[in-house]
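Student: One structure, pasted below without further comment.
The values are calculated or read from the model by the stated rules, or taken from the named source; none is laboratory data. Since the model is a prediction, treat every value here as computed from it, not as a measurement. A quick note on method: Cβ atoms are made from the backbone with ideal geometry, for glycine too, and the neighbour counts reach across all protein chains shown. Surface areas here come from the heavy atoms of the whole protein model, side chains and all, with no ligands, DNA or RNA. Shrake-Rupley method; radii C 1.70, N 1.55, O 1.52, S 1.80 Å.
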Amino acid sequence: MDNVNKLRKSLNSAANGSYKLSVNDFVIKAAASALRDVPDVNSSWQGEFVRQHHHADIAVAASTPAGLITPIVRTCDAKGLKAISSEVRDLVTRARANKLKPEEFQGGSFTVSNLGMFGISSFSAIINPPHAAILSVGTTESRLVLDEASEKGFKAVENMSVQLSADHRVVDGATGALFLKAFKGYLENPLTMLL
């Protein structure tokens, strides 16, 4: 997450207060980009058949006084970080005020549930039917890793834990692993999400 944190800090500084990107905005964009790369995960179970979606319509788990709701950020694969950030803030604000329209929380193709801001390192989220998968996102933590280039032989890096829960009628373990590999690649090199 070191590269995401550096890019986020740089973009937020350049914004001069006109927007403020969160880590979750990068997570959503990375998930959308990975769904584009591994379209089998961007699918849903329809009872008798699997529907593969053309766009990454990502449901974002949000806590409200009435309970959990998942407003949907449509076509995340075609949006930039600033647009995703603005839309997430708007949807979550209106969800907490109980002002979402049904079409703003029904449907979608994939779910992201992030408990990192609560200091939770990892958890298993339950799939939001008919989605085929949900990504559980934990907090970012400093860890020591070997580094032969360092005089000490190690360095501290920022790591984030994620877990993918998948409906195996649609997404098997190998396909889920391909998605996670693509997702990880986008977070390790976040500039590739901007292309």
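Student: Keeping all protein chains in the complex and leaving out DNA, RNA and ligands, what accessible area do you get for D40 with a 1.4 Å probe, in Å² to the nearest 10?
Tutor: Roll a 1.4 Å probe over it and D40 shows about 80 Å².
Student: What is the antiparallel percent of DSSP beta bridges lying wholly in the stretch 10-139, to the nearest 5?
Tutor: Within the stretch 10-139, antiparallel bridges account for around 55 percent of the total.
Student: Also, quick follow-up: Principal axis lengths of the chain from Cα atoms, whole Å, largest first?
Tutor: Principal extents (Cα only, largest first): 58, 41, 32 Å.
Student: Note down the accessible area of F183, probe 1.4 Å, to the nearest 10 Å².
Tutor: The value for F183 is about 10 Å².
Student: Between I120 and V157, what is 0.36 nm times their sequence separation minus the Cα-Cα distance? Round to one decimal in nm.
Tutor: Full extension of this stretch gives 11.5 nm more.
Student: What lysines does K155 reach when the alpha-carbon gap must be under 25 Å and sequence neighbours fewer than 8 apart in one chain are set aside?
Tutor: Within reach: K6, K9, K181, K184.
Student: To continue, here is another question. How far is helix 173-188 tilted off the main Cα axis of the chain, in degrees rounded to 10, range 0 to 90?
Tutor: 50 degrees
Student: If only Cα atoms are counted, what is the Rg of the stretch 9-88, and what is its Dmax, in Å?
Tutor: Spelled out, the Cα radius of gyration and Dmax of the stretch 9-88 are 14.7, 51 Å.
Student: If you average 1/r over every pair of different alpha-carbon atoms in the stretch 87-195 and take one over that average, what Kirkwood value in Å do you get?
Tutor: Values: mean 1/r = 0.0607 Å⁻¹.
About 16.5 Å for the stretch 87-195.
Student: Using a simple spin-label model with points 7 Å from Cα along the Cα→Cβ vector, what separation in nm is obtained for V145 and N5?
Tutor: So the label points at V145 and N5 sit 1.3 nm apart.
Student: Where does the chain land at 222 nm, in deg cm²/dmol rounded to the nearest 500, when only DSSP H runs of n ≥ 4 count, each adding -39500 (n - 2.57), divided by all residues? Show your work: numbers first, answer last.
Tutor: Details: 4 runs with 61 residues, N = 195.
Helices in the chain give a 222 nm mean residue ellipticity of -10500 deg cm²/dmol.
Student: Between L178 and D90, what is the FRET efficiency for a Förster distance of 35 Å, r being their Cβ-Cβ separation, to the nearest 0.05?
Tutor: 0.60
Student: For the stretch 42-116, take every pair of Cα atoms, bin their distances at 5 Å starting from 0, and report each bin as a whole percent.
Tutor: Result returned by the calculation: 3, 16, 25, 26, 16, 10, 4, 1.
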